[in-house]
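The values are calculated or read from the model by the stated rules, or taken from the named source; none is laboratory data. These numbers were taken from a predicted model, which means no experiment stands behind them. Methodologically, a virtual Cβ is constructed for each residue, glycine included, from the backbone with ideal geometry; neighbour enumeration extends over all protein chains shown.
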Amino acid sequence: MNLYSCQISIRDDAKALAFAKAVDEWMSFLATKGVIRNWRLLRRKLNLAADCFRDFLLEIEVENLSQLDEAFRLTGQQDEDIATLHHNVHMLISEADFALYRPFPDPERAERMALL
């Protein structure tokens, strides 16, 4: 499993619940297409965070990099419904930072460590 992490700030004029609904529709669509495994949207609580953290955290689980690539390919298709779902999320975002994480130690590394 790999975790695609997105720290997100929404536009000043955007409503948090509208953003959450748009994300739910987009991520649920991707999940039904089998290009993501799971997802969750979190919001910073009590403004408790360092300045480098954004208000929302979107975590998207994928089995492997091939599945993530499939998600990006699906997003890039010339399809009006896909474009609308994608646009409904991105029109509410002012800034976003992304990162890709993996379990550590991964199975291969754990196996090598066991041999030591």
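So if I check each of Ala71, Ala20, Ala31, which one is outside any loop (DSSP other than H, G, I, E, B), at pLDDT 95 or above, within 11 Å of the chain's Cα centre (by Cα) and of a type in the set (A, V, I, L, M)?
The match here is Ala71.
Between residues in segment 23-44 that are farther than 20 Å from Ile10 by Cβ and residues that are of a type in the set (Phe, Trp, Tyr) and not in a helix (DSSP H, G or I), which pairs lie under 8 Å by C-beta distance while being six or more apart or on different chains?
Listed pairs, sorted by first residue: Ala31/Trp39.
Which of the numbered conditions does Tyr4 fail, given that it passes all the others? Conditions: (1) of a type in the set (Ser, Thr, Tyr); (2) in a strand (DSSP E or B); (3) surrounded by fewer than 16 Cβ atoms within 10 Å (Cβ to Cβ).
That leaves (3) as the condition not met.
Checking the condition in a strand (DSSP E or B) and either aliphatic (A, V, I, L, M) or surrounded by 15 or more Cβ atoms within 10 Å (Cβ to Cβ) (or both), which residue from Leu85, Leu57, Leu48 passes?
Details: Leu85 fails: in a strand (DSSP E or B); Leu48 fails: in a strand (DSSP E or B).
Every option except Leu57 fails the conditions.
I need the full set of residues from segment 88-105 which are more than 15 Å from the chain's Cα centre (by Cα), more than 18 Å from Met27 (Cβ to Cβ) and not polar (S, T, N, Q), in order please.
Matches in segment 88-105: Pro103, Phe104, Pro105.
Pull out all pairs, ordered by first then second residue, where Cβ-Cβ is under 9 Å, the residues are six or more apart or on different chains, the first lies in segment 46-59 and is charged (D, E, K, R), and the second is in a loop (DSSP other than H, G, I, E, B).
Arg54/Arg44; Asp55/Arg44; Asp55/Asn47; Asp55/Ala49
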